[in-house]
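Below you'll find the structure, written out as structure tokens, and then a few comments.
The values are calculated or read from the model by the stated rules, or taken from the named source; none is laboratory data. Source: prediction; values computed, not measured. Every residue, glycine as well, gets a Cβ built from its backbone with ideal geometry; the counts of neighbours run over all protein chains shown.
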Amino acid sequence: MMRTFVTFLLVLGICRVCSSFENINDDEVKLKNILPSGVVIPIAYKLHLKPDLVKFTFDGETEITLIALITDVALTLNSKFLTVHDLKFVDLNTTNTLESKYIEDEEQETLNVTIKPHFEKDHHYSLQIKYAAILRNDGKGFYMSMMRTNGSTGYVVTTNFEPTGARLAFPCWDEPAYKAKFTISLTHNKTLQALSNTEVLKKEEENGMITTTFKQTPLMSTYLVAFVLSDYQFKEDKVGNFTYRVWTKASAINQTDFVLKMGRKFLELLNSYTNISYQTYMPDKIDQVSINDLRPNAIENWGLVIYRENYFLYDEASYTTRSKINVLMTIAHEISHQWFGNLISPKWWKYIWLNEGFGNYFQYFMSHKIVPELRLGDMFVVESMQETAMDIDAYPVVHPMNYDAITPEDIRDLFGSITYQKDT
């Protein structure tokens, strides 16, 4: 029965993936901090980022292909702490460049664009934006992660976009319902390896720098976009044309066999369980990467899962059973999100419990299937249901499951025990 129910939900999700953008109901969700609906649909992004690891800044170029839903003179997208240098608005039906002006609204985290004379309903447009920003050091958006190895300090450039961090890296419609396809390019030093959601399409060298361009992604929400620049080492396991890879610092690479093995087992188990193949949407690879100071335990970016180091590294000789359980369940949780959250995504953050409830359930269910001697099915009843969900739900002040979080701060607050545990 559970399998039938899961398959039903996935079918609904595929309908959402394949369908046009579904407008947010303005009666249901208040307009403050919400982008105006029913104006344009972003369908594709071309994103080129050039981080400077000396100045801790980056330059960006974003080209967004849009479809106009109405004839109008104004559109609004998300942008936060990005300094826009140039903006062009091109009608792809006529190739004409329309006159445009823009205003950045720091409070609303938006970029408001006015078009003269107007944009036409059903026309396709290209919104081209050049900008610059600071590489952050607070674990949000596009940021620098400090890494100490053998007494020396280095940096890994990485991302943390969930829930509203993509707007810190590139102008975008940074709400989960606005799904689009992404083509990502990173210009970087030759000593670094670039990773993103999809496999590398090409590498080009110019002036001592490499520009790595990745294959176009499937339709996905902005919070699932990810990229990493590092001098990490990797291990891999190939099955036909598909590659499982894990990445970490050189000194820890021998502690990645467990995550490589379990990542493959969990992905194959969910392929069978849901009867929907991961490879249908991501045909080439899945990368799993460790970041030592990642704020959450892990981030489920589609095709590029990022973990905090202590929820990623494991070997039998050096770690406790509790560490093994933590790593095992975190891998299961994030792999399950490749279906529940990535393929199927919430229309708005009030429904994030649909992502996390399934993730929490499968982290116990799949772990128990793969390593039954740990008895994680029993642990689910005690640890997740009794000690967490029932206990916290008895508190005097608890937000409901469907909570109309509007501001970025309120949205972040949804990622707690009620969202993860109660709905399981």
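Criterion first (of a type in the set (S, T, N, Q) and surrounded by 18 or more Cβ atoms within 10 Å (Cβ to Cβ)) does THR248 satisfy it?
yes
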Worksheet, complete the sentence: By residue number, the members of the range 347-380 that are within 30 Å of ASP404 (Cα to Cα), charged (D, E, K, R) and assigned to a helix (DSSP H, G or I) are LYS350, GLU356
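Can you say whether PHE365 is touching a helix residue (DSSP H, G or I) at 6+ places or on another chain (Cβ under 6 Å) and not β-branched (Val, Ile, Thr), as far as the supplied structure shows? Outline the logic, then answer.
Values: touching a helix residue (DSSP H, G or I) at 6+ places or on another chain (Cβ under 6 Å): no; not β-branched (Val, Ile, Thr): yes.
No, not satisfied.
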Fill in: LEU77 vs. criteria modelled with pLDDT of 95 or more, out of contact with any Leu (no Cβ under 8 Å at 6 or more places or on another chain) and either part of a strand (DSSP E or B) or among the polar types (S, T, N, Q) (or both)
no
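Report, by residue number, each residue of the range 193-207 that is surrounded by 19 or more Cβ atoms within 10 Å (Cβ to Cβ) and either without any contact (Cβ under 8 Å) to a residue 60 or more places away in the chain or of a type in the set (Phe, Trp, Tyr) (or both).
Taking the range 193-207 first, the residues surrounded by 19 or more Cβ atoms within 10 Å (Cβ to Cβ) are 194-198.
Residue satisfying the conditions is ALA194 alone.
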Discussion item. Please determine whether any residue of the range 390-405 is modelled with pLDDT of 85 or more and either buried (at least 17 other Cβ atoms within 10 Å of the Cβ) or out of contact with any helix residue (DSSP H, G or I) (no Cβ under 8 Å at 6 or more places or on another chain) (or both).
Written reply: yes
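Just one of ASP59, ASP91, ASP105 is of a type outside the set (A, V, I, L, M), modelled with pLDDT of 95 or more, at negative phi and over 25 Å from the mean Cα position of the chain (by Cα); which is it? If you could, list the steps in order and put the result at the bottom.
Numbers: ASP59 fails: over 25 Å from the mean Cα position of the chain (by Cα); ASP105 fails: over 25 Å from the mean Cα position of the chain (by Cα).
Result of the check over ASP59, ASP91, ASP105: ASP91.
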Discussion item. Looking for something surrounded by fewer than 23 Cβ atoms within 10 Å (Cβ to Cβ), over 21 Å from ILE291 (Cα atoms) and either more than 14 Å from the chain's Cα centre (by Cα) or without any contact (Cβ under 8 Å) to a residue 40 or more places away in the chain (or both) - is there at least one such residue anywhere in the range 167-177?
Written reply: no
Worksheet item: Quick one: what pairs do we get from the range 341-353, first residue farther than 13 Å from TYR178 by Cα and of a type outside the set (S, T, N, Q), second modelled with pLDDT of 95 or more and crowded, with 23+ Cβ neighbours inside 10 Å, C-beta under 6 Å, 6+ apart or different chains?
Response: GLY341/GLU300
Response to the item:
Reported set for the range 208-245 where residues are surrounded by 19 or more Cβ atoms within 10 Å (Cβ to Cβ) and more than 20 Å from the chain's Cα centre (by Cα) is TYR232
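If I ask for residues that are in a loop (DSSP other than H, G, I, E, B) and touching a Phe, Trp or Tyr at 6+ places or on another chain (Cβ under 8 Å), which ones from the range 44-74 would you list? Spell out the reasoning first.
Start the filter on the range 44-74 by keeping residues that are in a loop (DSSP other than H, G, I, E, B), which leaves 53-56, 69-71.
Those that are in a loop (DSSP other than H, G, I, E, B) and touching a Phe, Trp or Tyr at 6+ places or on another chain (Cβ under 8 Å): LEU53, THR71.
Taking the range 298-318 on its own, how many of its residues are among the small types (Gly, Ala, Ser) and either modelled with pLDDT of 95 or more or assigned to a helix (DSSP H, G or I) (or both)?
To start, the set of residues in the range 298-318 that are among the small types (Gly, Ala, Ser) comprises 298, 303, 317-318.
Still in the running and either modelled with pLDDT of 95 or more or assigned to a helix (DSSP H, G or I) (or both): 298, 303.
Total meeting the criteria: 2.
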Worksheet item: Out of the range 251-297, which residues are outside any helix (DSSP H, G or I), surrounded by 21 or more Cβ atoms within 10 Å (Cβ to Cβ) and among the hydrophobic types (A, V, I, L, M, F, W, C)?
Response: MET282, ILE286, VAL289, ILE291, LEU294
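Among the residues that make up the range 284-297, is at least one of them free of Cβ contacts under 8 Å to residues at least 40 places away in the same chain and not polar (S, T, N, Q)?
The first filter runs over the range 284-297 and keeps only residues free of Cβ contacts under 8 Å to residues at least 40 places away in the same chain, leaving 297.
Within this subset, residues satisfying the condition of being not polar (S, T, N, Q) are none.
No, the conditions are met nowhere in the range 284-297.
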Worksheet item: Consider VAL327 against the criteria (1) over 17 Å from THR243 (Cα atoms); (2) out of contact with any helix residue (DSSP H, G or I) (no Cβ under 9 Å at 6 or more places or on another chain); (3) part of a helix (DSSP H, G or I): it satisfies all of them except one. Which criterion is unmet?
Response: (2)
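Only one residue in THR57, THR94 is surrounded by fewer than 17 Cβ atoms within 10 Å (Cβ to Cβ), hydroxyl-bearing (Ser, Thr, Tyr) and either farther than 26 Å from PHE227 by Cβ or without any contact (Cβ under 8 Å) to a residue 24 or more places away in the chain (or both). Which one?
THR94
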Worksheet item: Going through the range 298-319 one residue at a time, which ones are without any contact (Cβ under 8 Å) to a residue 60 or more places away in the chain and charged (D, E, K, R)?
Response: ARG308, GLU316
Response to the item:
For the range 130-168, the count of residues that are in contact with a helix residue (DSSP H, G or I) (Cβ under 9 Å, 6 or more places away or on another chain), in a loop (DSSP other than H, G, I, E, B) and of a type in the set (A, V, I, L, M, F, W, C) equals 1
Discussion item. Could you go through the range 185-195 and let me know if any residue there is part of a strand (DSSP E or B) and within 18 Å of GLU300 (Cβ to Cβ).
Written reply: yes
Fill in: Among the candidates THR321, THR330, residue that is crowded, with 21+ Cβ neighbours inside 10 Å, among the hydroxyl-bearing types (Ser, Thr, Tyr) and at pLDDT 95 or above
THR330
Worksheet item: Does the range 112-141 hold any residues that are touching a Leu at 6+ places or on another chain (Cβ under 9 Å) and closer than 27 Å to LEU53 by Cα, and which are they?
Response: GLN128, ILE129, LYS130, TYR131, ALA132, ALA133, LEU135, ARG136, GLY139, LYS140, GLY141
